[in-house]
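Let me begin by presenting the structure, written as structure tokens, before commenting on it.
The values are calculated or read from the model by the stated rules, or taken from the named source; none is laboratory data. For clarity, every value in this text was computed on a predicted model and none was experimentally measured. Here the Cβ is made from the backbone with ideal geometry for all residues, glycine too, and neighbour counts use every protein chain on show.
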Amino acid sequence: MTDEREPLAVLLLGPTGSGKTALSLSLAERFNGEIVSCDSVAVYRGMDLGTAKPTPEERARIPHHLIDVADPDQPFTAGDYSRQARSALREIASRNKLAIVTGGTGLYLRALTEGLFAGPVRQEDLRQRLRRSAERHGSDWLHRLLSRLDPASAMRIHANDTPKLIRAIEVCLASRQPMSSALARDPLTGFRLLRIGLIPPRVALYERLNQRCAEMFASGLIQETRALLACYGPIKALDSLGYRQAQSVLLKGVSEKVAIAEAQQGHRNYAKRQLTWFRREPGVHWIEAFGDEPQALAATCDLVRDNLGS
């Protein structure tokens, strides 16, 4: 049961390109708020164009948190995000301001609200043995092994998702219990959560995504990627959408036209996956519009007012 005296935190969900940034800025201005980004790539400094970060002007209007908090070659996990975002929420509440969490990384949002299973530490020797065995026995070997150790997790993890398969097997072997049997041990407390989701018409969303991808490349995404490669080399962070396609231009000789088309397709596919993920979130108030449309702002303001009791 929630305590009506607990501060409210607004969670703005939705697929990439749905207008979450515009809506979060408008809400923050109307309700004395601060914005907490929930984006697994926007945490990295120097990765600006491919992440559609809020512009310097937008960040000057409203305080933002969890943007540019790590260098791209530094690991930044969902657990790191959860700890820093929870700290930001508490700081915002201590100033009697409204915390507005916005972004499209579902795993980070879940880590923030539900916590993560405190499983065993990574064991690189075991991981290397599992990778070598997978190479020797075939691509589905890891999934078959997990099916014997933890059938519930095997049902949830795709047979081609090698990192998650290895982690699940690692947890089973190291902790001697299936990962699926472990519950989150540290759900977020001390806040009332208002979940608001944007679900604009799909055709219009895809048109916006196509246009935004083209604008990213026109604004210098390839040049930004070149500078990041020169500074850090081919790091994992550069395998994210947009940067991956820009790298193919720089390293594989793919034409910019082809790279843009592949990035557009990648963003459309990502939007579909995000919607599938967010539909599993409990208690979401869905708004069938883009965040920069008047009806979305009006509906969201009504929800926030109702939950603030003002």
Given the criteria at pLDDT 95 or above and assigned to a helix (DSSP H, G or I), does R226 qualify? yes
Exactly one condition in (1) touching a residue at least 40 places away in the same chain (Cβ under 8 Å); (2) among the charged types (D, E, K, R); (3) closer than 27 Å to I287 by Cβ is not met by D186; state its number. (3)
Suppose the filter is under 25 Å from L198 (Cα atoms) and charged (D, E, K, R); does E114 pass it? yes
Right, L12: in contact with a helix residue (DSSP H, G or I) (Cβ under 8 Å, 6 or more places away or on another chain) and over 20 Å from L238 (Cβ atoms) or not? yes
Just checking, does the stretch 87-109 include any residue being surrounded by fewer than 20 Cβ atoms within 10 Å (Cβ to Cβ), modelled with pLDDT under 95 and among the aromatic types (F, W, Y)? no
Within the stretch 246-289, which residues are assigned to a helix (DSSP H, G or I) and of a type in the set (D, E, K, R)? K252, E256, K257, E262, R268, K272, R273
Of all residues in the stretch 38-57 being over 20 Å from A214 (Cβ atoms) and surrounded by fewer than 16 Cβ atoms within 10 Å (Cβ to Cβ), the one that is nearest to the chain's Cα centre (by Cα): R45
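Within the stretch 30-72, track down each residue that is among the charged types (D, E, K, R), part of a loop (DSSP other than H, G, I, E, B) and either within 28 Å of L8 (Cβ to Cβ) or modelled with pLDDT under 95 (or both).
Those that are among the charged types (D, E, K, R), part of a loop (DSSP other than H, G, I, E, B) and either within 28 Å of L8 (Cβ to Cβ) or modelled with pLDDT under 95 (or both): D39, K53, D68.
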From the option list G242, G197, single residue qualifying as of a type outside the set (A, V, I, L, M, F, W, C) and at positive phi is G242
The one condition in (1) in contact with a Gly (Cβ under 9 Å, 6 or more places away or on another chain); (2) aliphatic (A, V, I, L, M); (3) farther than 19 Å from A296 by Cα that A60 fails to fulfil: (1)
Can L116 be described as part of a loop (DSSP other than H, G, I, E, B), among the aliphatic types (A, V, I, L, M) and under 21 Å from R176 (Cβ atoms)? yes
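For Q211, state whether it is within 30 Å of D73 (Cα to Cα) and either without any contact (Cβ under 8 Å) to a residue 24 or more places away in the chain or in a strand (DSSP E or B) (or both).
Details: within 30 Å of D73 (Cα to Cα): yes; either without any contact (Cβ under 8 Å) to a residue 24 or more places away in the chain or in a strand (DSSP E or B) (or both): yes.
Yes: the conditions hold for Q211.
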Working only within the stretch 253-269, note down all residues that are within 15 Å of the chain's Cα centre (by Cα) and in contact (Cβ under 8 Å) with a residue 40 or more places away in the chain. H267
Report, ordered by the first and then the second residue, all pairs with beta carbons closer than 9 Å, sequence separation of six or more or different chains, a first member in the stretch 270-291 that is surrounded by 13 or more Cβ atoms within 10 Å (Cβ to Cβ), and a second member that is among the aromatic types (F, W, Y). A271/Y206; V284/F278
